[in-house]
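The values are calculated or read from the model by the stated rules, or taken from the named source; none is laboratory data. In this text the structure is predicted, and so the values were computed from the model without any measurement. With ideal geometry, Cβ positions are generated from the backbone for all residues, glycine too; neighbour counts draw on all protein chains shown. SASA here: full protein model, heavy atoms, side chains in, ligands and nucleic acids out. Shrake-Rupley method; radii C 1.70, N 1.55, O 1.52, S 1.80 Å.
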Amino acid sequence: MKIAFVGKGGSGKTTLSSLFIRHLAATGAPVIAVDADINQHLGPALGLDEAEAAELPALGARLPLIKDYLRGSNPRIASADTMIKTTPPGEGSRLLRVREDNPVYDACARPVELDDATVRLMVTGQFTEADLGVACYHSKTGAVELCLNHLVDGRDEYAVVDMTAGSDSFASGMFTRFDMTFLVAEPTRKGVSVYRQYKDYARDFGVSLAVVGNKVQGQDDVDFLREQVGDDLLVTVGHSDWVRAMEKGHPPRFEFLEEDNRRSLQALQDTVDASYDRRDWDRYTSQMVHFHLKNAQSWGNERTGADLAAQVDPAFVLRERMTATA
């Protein structure tokens, strides 16, 4: 199951992402955690110190390897150089699975120990001084989109993505790649502003969206959020001494997280798991193709010197059970 956490900067989406990742890991489920926010705070939120977080391999710096592996023997893709962030898989493409080992994970993922469990963590890489004036940070998050396009995941296995803050989440088709999107909102007018933007996009593309109220201090805050987002408000999260200790670099064992917050995390998992029966791989694939053709026409064909529409395999539909390509 693919899950996104979105919200304005400072809403607490990275903290909520990390808590949900810890919750899933504590159940014994396999988890891939992805930091697609250019500010790169998910590693420290999962317990890495600054030096460890800085040494994480960047997906954006390993695009040639990622493209070459995913291309496989797909005859519609002439070379890895002609692949862009939206390139869809087709017959002969290599697909990624949550539980497997593969060259992409070997190069780009690192294990993170969480109490008695381990998750794989991948990061886009920071926007560096060398990128200023010559690169768009969406080119780095494009590596995440390409991997999600080729990821085949099933029930009881999870890919959790901490997305770019604010409306920048809509800068590509990646916002359609998820079974469930959790929008983290504070009980303020600014806190719900991204919700209104996201709601319109979600409605147009059939994106499943639920709001997580964060930094809620009382019933007035709950009432405000309910007034602003209605039934999209799924759960609320309040003050947490556990989170405060985590932010100081000394988190207790996760089992000591406050009971109210543990129930909220379980509600998130229940919502994700319930979405499994609504999966529509045909729509998922068609949306992938839609955004690929849109990007090909607007910039991809000119950038690569190729007709990227020809990469689309009209007979191919990504599905959960597919034969692996060597």
For this session: Enter the accessible area per residue of the chain (Å², integer; probe 1.4 Å; all protein chains in place).
Result: 45 Å²
Seminar exercise, completed: Cα extents of the chain per principal axis, largest first, Å, are 57, 43, 39
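Averaging sequence separations of C-alpha pairs under 8 Å and six or more residues apart, then dividing by the length of the chain, give the relative contact order as a whole percent.
27 percent
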Problem set entry | Estimated 222 nm signal from helices in the chain, with DSSP H stretches of n ≥ 4 weighted -39500 (n - 2.57), rounded to 500 | -11000 deg cm²/dmol
Seminar exercise, completed: For the chain, the accessible surface attributable to carbon and sulfur atoms (probe 1.4 angstrom, ligands and nucleic acids excluded) amounts in percent to 47 percent
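Quick one: dipole size for the range 170-231, taken about the Cα centre, charges +1 on Lys/Arg Cβ and -1 on Asp/Glu Cβ, in debye to the nearest 20.
220 debye
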Exercise. Which of the peptides 57-69, 19-31 is most tightly packed, and how do the rest follow, going by the mean number of other Cβ atoms within 10 Å of each residue?
Worked result: 19-31, 57-69
Exercise. Straight-line reach from K8: which lysines have Cα under 21 Å away, leaving out those fewer than 8 places along the same chain?
Worked result: K140, K190, K199, K215
Exercise. When the Karplus curve 6.51 cos²θ - 1.76 cosθ + 1.60 is applied with θ = phi - 60°, which whole-Hz ³J(HN,Hα) does each residue of the range 304-310 get, with x for Gly and Pro?
Worked result: 9, x, 10, 8, 6, 4, 5
Exercise. Based on the Cβ-Cβ distance from Y276 to F256, what FRET efficiency comes out when R0 is 35 Å, to the nearest 0.05?
Worked result: 0.70
